[in-house]
Amino acid sequence: MHQPMHDQFLPQTAASPAIAAVAQTRVFDSIRDIGRDAWNKCFAGEVEDYDCLLAIEEAGIAGFAFRYVTVVENGRLLAAMPAFLTDYQLDTTLEEGRLRQILRRIRQTYARFLTLKLACLGSPCTENGVTGFHPDLPEPRKAELFSLLLSGFERYAKANGCSLMGIKDVPEPTTAAFGAIFSDRAFAGIPGLPTAWLDINFDSIDTYMSRLSSGTRKDMRRKMKSFEKIRIENRSDFGTMLPQVMALYHDTRNRSEWQFEELTADYFDGVLRHMQGRSFCTFYYAGDQLLAANLLVHDGNTLIDKFFCMNSAEGRAYNLYYLSWFTNLRHCLEHGMTRYQSGQAYYENKIRLGSQLTRNTMYFKHRNPVVQWALRLASPLFAADETLKDSA
C-alpha cells in the first residue's frame, strides 16, 4: 500500500528534530509514494505533472522501469526528477543509412552489440527533462540540490548495474543554469530534438495568417479547403475507438526513423483518464472512416500536442496534418491559451508556420572513462537533430 508524502513533509524519526537538517536523495519506484501535492508543488507551471507521469508509469511500456529521484531535507521535498532504467541501443538516433544497416546485421548475431544498461533522468514520454524545485527554495540553493540529485542518481545507477547514465532532453535554460555541473561531473552533451512552440499572441486565424509568407498563406488556404470534407470531433475518452486509434498510432510509428519507447493502449487511455479536464483527443473523419487522431494535454494556458497519428495512405490527401494545426490554434484562441507546443520532429513545416525552437541537449556519462572517451568521440554520429544549425 502506498504511503504518499504530505504536501510538504515526510514522516520523521523521533531523533530527527535534534539533528541539523541534511538534504538527502531518495529514489522511489512509484510516483504514488511521493503523492500528487508534494510532486506538483515542485513542478508548478508544468503541464506534464503528477497525473501525466502516473499515466506513463501505469501504461505498461515494455522495457522501461520508471523511477522518481528526489532530494528531501528535514522531511520536505525540495527537488525531484522522473527517471527510468532501460536497455539502450546506442544507434537509436542514428540516421537511416548504410551504417545503421550494418549495425542491424551485426546485432542479428550479437544481440547486445552497442546495447548498454541505461539509467536516465527525465521521462521517455514527456517533452523535456525538467527538474522540479520547491517554490520556497532560495535560488542559490538550486545548483547545490541539483548536484546532490545527480550524485544520488549516479549511486543508484551503479547499484543497479547501469554502466551508462543519461539526462534526456535538457532544455536550453537548464543547460545555461547548470552547465558547469554537467562539465564538472564529466557528462558529455549531444544535441537532442528541439521543442517547437508558438506564442498565441494573435486574436484570430486571419491575423495569424497575415504573419506568414505570401507563399505559405496561399498554400495554407488551399489546404484548408479540406475542412469541407472532414468531420472533426473532440473526445475526453476513447470509448470503442481505442483499437482504431492504436492502429493509426502503429502506422505512424512505423514510419518514424527514431523509435525509442512503444506506447500502449493503456498509455493513451491513461492520459485521458488521469488528466481529466486537462486532456482530450481530436478525431478526424472522412465520412465514417477515422483517418487521424490527435492526443493533446494542457493546463489552461499551454496546449501540448502529444501525438498525432494518421492513416498515411488516405490522410495526406485531406491535408490532415495542416488541418490539425489550425484546429489546435483555434482551440487555443477559443479557450484563452497563450502557447501552442507542437512537439518534436517535422521542424521545416513548423518553422514555416511560425514556430520557434528551444534547444534540448542529451547528456551522457559512462562509468568506464575509456568507453566514455570513445562515446564522446563517436557522439556526433548519434546526435538526434541538426535542425537548429539552419534555423538559429
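Read-outs: derived from the displayed coordinates by stated rules, not from any lab. Computed from a predicted structure; not experimentally measured. A quick note on method: Cβ atoms are made from the backbone with ideal geometry, for glycine too, and the neighbour counts reach across all protein chains shown.
The table that follows gives values for the structure above.
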| read-out | value |
| --- | --- |
| Ranked list, fewest to most other Cβ atoms within 10 Å of each Cβ, for 306, 158 | 158, 306 |
| Descending Cα extents along the principal axes, region 196-357, whole Å | 41, 33, 31 |
| Relative packing of 52-63, 214-225, which averages over residues the other C-beta atoms within 10 Å, highest first | 52-63, 214-225 |
| Separation of the residue 314 and residue 177 label points, Cα + 7 Å toward Cβ, nm | 4.8 nm |
| Ranking of 130, 71 by count of other Cβ atoms within 10 Å, fewest first | 130, 71 |
| Environment charge at residue 283 (Cβ cut-off 9 Å; Lys +1, Arg +1, Asp -1, Glu -1) | +1 |
| Residue exposure sequence - 373, 197, 325 - by fewest surrounding Cβ within 10 Å | 373, 197, 325 |
| Backbone HN-Hα couplings from phi across region 199-210 [Karplus 6.51/-1.76/1.60, Hz, Gly and Pro as x] | 6, 8, 10, 10, 9, 6, 5, 4, 5, 4, 4, 5 |
